[in-house]
Amino acid sequence: MTGKSLKSSASVVMKTPISRAESDRRLRPVLDNLSEHNTKQAFKLVQQALQKRPGWPAARALRACVYLQMRKLKQAEDEIANLRNDLDAGRVPTDEDVAEKIQYYYRESGNEAGTGEVYELVWKADASQFQLAEAAFCYYIRGYAFNSAQKLATKLHRMTSSNTEKYGLWATAAIWLGVVYRNRDLDTNQSSSDDRMLTLASRMLEKSLDVAVTPSAETTRFAVRIHRDANEHEKALRLISHRRLVMDEAEVLHIKSGLHTSGEQRMKDYSALLSDHDCDDWGHWLSYLECVESGEACKDEAMAFIDRLVEVQSDGRVPKRAPFLAQMEFYYRHGETEALGKAISIYFSLFGAKTVCAHDLRPYLTLISDTLQFQKALERIRSIGNEKGFPYHLTASWLCLWFNELTLSPAELMEFYSSSLSDTLESTDRQDGDDYLILITHRLLPIFEKDLDDRYANKFAVLQTIAVLETGLTRSPHNFHFKLLLIRLYIELGAMERVAELWESLEIKHVQMSTLTHLVLKPFFETGHHDALSKVFEGMETLWRECDLEIPQCVTKALEFGSINAAIEFVLFRQRLERSAVLIEGVLTKAQVALVQSAGDAAGLDLARDCLSFFSRFTPGKLETKRIVDTDDTRCFQFWDLQCFDPEMRLSDKTNEHHDEGVTCQMKRKSTIISDLKSLMTLMQVLNDETIMEASASAGIDGAPVNGHAPSGAEHLSMLRKRISDNLQNVKGLLVLFSSGALLNDAAEVPKNLDPMDLLSTAKGVVEDVHHEVEDAIKEPKHSNGLKGTMSPVQLRKCCRMSFEILLLASLAIASFSAELMRGKNRRKRGSTKSAKLHAAQYFNSIQEAIHVHKVGVVSACSLMQEWISCSLDQGADWLDGVCDGERTLSASVPYLPNTIHPISLSDGSKQKGGPIDRSAFCHDILERTRSSHMATCTRLLEVLSGITRTLKLVDV
């Protein structure tokens with residue numbers, strides 16, 4: 001539809017509303033076609049509906065949805081803006097059907113607050129329909145428009161204050177969420193204005209609770225949260241002490257213990273909780289011990305209390321761990337190291353058969369590691385482990401490993417593992433002795449040697465470790481520790497096919513896509529395994545789609561049923577998930593993959609544009625000020641990265657009722673994300689001829705170290721790509737000005753940011769940096785046996801990063817200059833005067849030279865890498881032969897492995913056909929996987945580099 005017809009359609013006045021029956025009959029087919037992405041048929045049907053009913057607001061809302069799905073964003077925005085103007089002016093009827101259809105548009109565009117505005121407008125037309133106002137409130141909350149939600153709830157509360165407390169509680173929740181959301185969104189501390197808003201929330205809450213004769217337990221929990229945050233503890237205590245309140249006694253005591261300011265009263269609460277309700281609650285014990293340490297309780301009295309509970313648990317059939325842990329914590333805080341050493345031995349004798357025992361004792365052994373009691377305690381643990389055997393021996397071995405006291409050889413550890421095997425377990429169960437193999441891997445790849453700069457530098461030891469873990473995986477095909485460690489080790493060797501198999505076998509789903517995807521996202525991209533990446537993207541998109549669809553519905557249901565605390569938790573969880581750093585990195589990577597796979601064709605550009613349009617709520621400027629959350633799960637590698645242990649983790653209280661805010665991602669990572677987003681958006685603008693003439697002075701990272709730290713490899717490439725994209729954008733901006741004839745007059749002025757000489761100088765600088773990066777990536781590898789090696793996996797990943805992140809994207813941008821270059825050549829001799837012609841020719845020559853510098857630099861870098869990678873393909877995986885002479889050497893280096901081994905497990909946990917194989921063939925399979933994967937990566941990279949060269953040869957500069 002043309003702009004003229006769109007305008008005439010928008011100006012039609014329609015007073016009579018359309019019946020729901022006719023709306024369903026005419027517009028339901030449109031919705032069906034939209035859900036099937038059949039935009040042509042949907043557009044045809046909606047046009048027919050508008051011809052039948054000119055100005056029909058519901059049909060116009062669906063037409064905006066069609067434009068949105070067709071990626072005609074300007075038309076969609078104009079359509080919905082005109083419709084909103086007509087609704088506000090009363091030129092078209094406003095009813096619930098219109099609100100529902102507009103809701104489809106706002107849901108797709110990520111503006112649920114807009115839906116709330118429409119529903120509120122419909123409610124104002126008939127103020128008796130409270131369900132419309134409630135729907136508007138829910139949409140405001142879902143769209144983070146907490147101020148609008150509070151105003152609407154306050155209106156409803158005034159209209160119905162004598163009948164129900166619901167709307168007053170909703171207004172209170174909106175105020176509280178506004179304060180918390182703003183602080184978490186911007187990563188700021190609570191201000192004085194926030195204090196005033198919390199006080200206002202407390203006052204609103206009191207007025208609402210006057211209506212309720214007996215507050216419910218759910219309402220009481222919410223009210224306590226509000227009063228506590230407003231520092232009005234007395235009000236919260238009066239509320240929790242209501243004589244008619246129906247709530248569990250333990251929960252009441254727990255809430256009171258956090259509200260009392262008297263140390264004596266807090267001690268009574270915690271003592272009652274621990275002795276009468278749950279002595280295994282570590283959070284209560286920590287609070288109790290803090291009171292003791294602060295002098296609010298008698299030390300002897302506290303010791304007697306702890307001893308009494310320890311004695312009770314010692315005599316029990318199934319003792320609980322927390323009293324014994326509290327005893328050790330008490331001894332440590334009061335400097336009684338001798339008693340702590342004895343308590344450690346007692347704890348091990350009681351709980352040494354539990355896997356968690358080693359993790360419980362590690363912090364306390366660390367805290368006394370520089371005392372005489374440490375060696376005594378460790379010796380007693382070792383003695384008990386040898387005496388009682390498995391599984392006490394396994395727990396003792398872990399403790400000895402952590403303190404570099406493990407003397408058992410890999411062969412001895414393998415014997416313990418073999419003796420612990422069982423043939424009666426289910427296929428999904430783990431073998432009880434699997435951790436012995438983890439201990440072997442620590443012996444093969446130690447981290448305690450002072451002269452070891454890189455744990456994975458010894459690739460032969462990495463291969464040995466892989467052989468050990470693959471052996472264990474045949475007996476425990478669902479052991480996620482084995483798989484996670486194998487993923488890390490295979491990435492070091494570049495065997496990404498096996499990484500893809502292991503990743504799929506982990507069956508990562510739901511929120512794990514946000515916590516574990518970081519393990520494979522960059523390695524898959526950097527080695528060109530885009531098929532495996534597509535499955536990762538599919539899982540991530542499923543999570544975000546479910547989050548966008550289900551969490552808002554959960555918020556609505558929670559509010560309808562009065563579960564305000566649940567609604568709050570849903571809102572804050574959704575906020576944290578939307579700020580996930582790995583989500584943003586995944587979308588950026590998908591956009592790059594679309595460009596790599598399509599080599600810049602229209603479909604690839606559309607897919608990349610769709611990916612970047614996901615950031616409509618997160619533009620670069622907003623990301624710079626907003627808080628990005630690091631959701632990566634790094635604790636899953638605590639069994640491997642032993643040096644990351646922090647003894648203070650013993651003080652963590654997992655029962656904290658406050659919502660987990662998440663960890664703010666590091667500034668380096670955030671800066672890289674913003675730089676990547678800006679450079680990709682800039683390159684998309686260049687490719688789509690959407691060049692911005694003004695320089696984005698505040699855009700991007702200029703290559704300076706972040707917070708004084710030197711940038712890492714990934715950061716450095718991100719900064720380099722940002723500089724290239726900015727330079728190419730400015731070059732094209734100057735070229736567009738020239739080809740349009742704007743620089744053909746004597747008086748023509750060039751914008752300061754488009755000075756030709758500066759652009760040329762910058763082009764030379766960035767191309768020089770590109771060459772430095774390539775030369776650094778293909779430095780000749782050195783092998784200990786003196787062989788001249790080809791490219792190692794690390795070097796290959798560097799080359800892939802350069803090709804995918806720099807060279808390919810730069811070549812696509814340069815190729816988009818062809819049409820403007822042709823127009824510029826035709827324009828350069830059309831100046832109004834001789835001096836103008838000369839001036840224009842100088843400009844054009846500078847533009848051509850800048851483009852030529854980029855073209856020659858990219859082609860040269862590609863040729864340099866192609867030469868080395870072709871050598872790798874000709875000679876095979878020479879680097880692998882440099883560290884291992886073949887499967888016989890690998891097989892001979894692990895003689896403690898069984899002579900006959902089952903085939904490597906498939907992703908579904910089943911076994912490969914063919915029966916058992918010998919150790920030599922097993923090791924041969926591992927080496928072949930690594931070699932073939934390396935060769936496949938080389939082949940993929942050569943195809944990309946050849947495509948870049950072919951693309952640039954077509955550009956006539």
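The values are calculated or read from the model by the stated rules, or taken from the named source; none is laboratory data. Since the model is a prediction, treat every value here as computed from it, not as a measurement. A quick note on method: Cβ atoms are made from the backbone with ideal geometry, for glycine too, and the neighbour counts reach across all protein chains shown. Protein only, heavy atoms only, side chains kept; ligands, DNA and RNA dropped before computing areas. Shrake-Rupley method; radii C 1.70, N 1.55, O 1.52, S 1.80 Å.
For the reader, a short list of remarks on this structure follows.
- Those residues of the stretch 322-353 whose amide nitrogen sits under 16 Å from the label point placed on residue 371, 7 Å along Cα→Cβ: 325-347
- Residue by residue, the stretch 849-865 carries 3J(HN,Hα) couplings of 5, 5, 5, 5, 4, 4, 4, 5, x, 5, 4, 5, 5, 5, 5, 5, 6 Hz when phi is fed to the Karplus relation 6.51 cos²θ - 1.76 cosθ + 1.60 (θ = phi - 60°); x denotes Gly or Pro.
- With θ taken as phi - 60° and the Karplus curve 6.51 cos²θ - 1.76 cosθ + 1.60 applied, the whole-hertz 3J(HN,Hα) list for the stretch 503-510 is 4, 5, 5, 5, 6, 5, 8, 6 Hz, x standing for glycine and proline.
- Spin-label model, residue 949 to residue 771: label points 7 Å out along the Cα-to-beta-carbon direction sit 1.8 nm apart.
- Accessible area of residue 507 in the full protein assembly, 1.4 Å probe (Å², nearest 10): 110 Å²
- A probe of 1.4 angstrom, applied to the heavy atoms of all protein chains, finds residue 510 with accessible area near 110 square angstrom.
- Fully extending the segment from residue 755 to residue 124 would add 221.5 nm, taking 0.36 nm per residue of separation and subtracting the current Cα-Cα distance.
- Fully extended contour minus Cα-Cα distance, from residue 265 to residue 52, at 0.36 nm per residue: 69.2 nm
- In the stretch 337-386, the C-alpha radius of gyration followed by the widest Cα-Cα span (Dmax) gives 9.8, 27 angstrom.
- Calculated FRET efficiency for the pair residue 456/residue 535, C-beta based, R₀ 25 Å, to 0.05: 0.45
- Of 483/670; 670/798; 509/590, pairs whose Cα-Cα distance is over 23 Å: 483/670
- Distance (nanometres) between label positions extended 7 Å along Cα→Cβ at residue 635 and residue 598: 4.1 nm
- The stretch between residue 561 and residue 207 holds 125.4 nm of extra length on full extension. This uses 0.36 nm per residue minus the Cα-Cα distance.
- The stretch 248-334 - percent of accessible surface contributed by carbon and sulfur, probe 1.4 Å: 43 percent
- Annotation: amide H of residue 664 within the under-5 Å range of 630, sequence separation 5 or more or interchain, hydrogens built in the peptide plane.
- Take every pair of alpha-carbon atoms less than 8 Å apart whose residues are at least six positions apart; their mean separation over the length of the stretch 499-595 yields a relative contact order of 31 percent.
- The alpha-carbon atoms of the stretch 1-130, seen along their principal axes, cover 40, 28, 28 angstrom, with the largest extent given first.
- Under the simplified labelling scheme, the residue 25-residue 89 pair shows an inter-label distance of 3.1 nm, with each label point 7 Å from Cα along Cα→Cβ.
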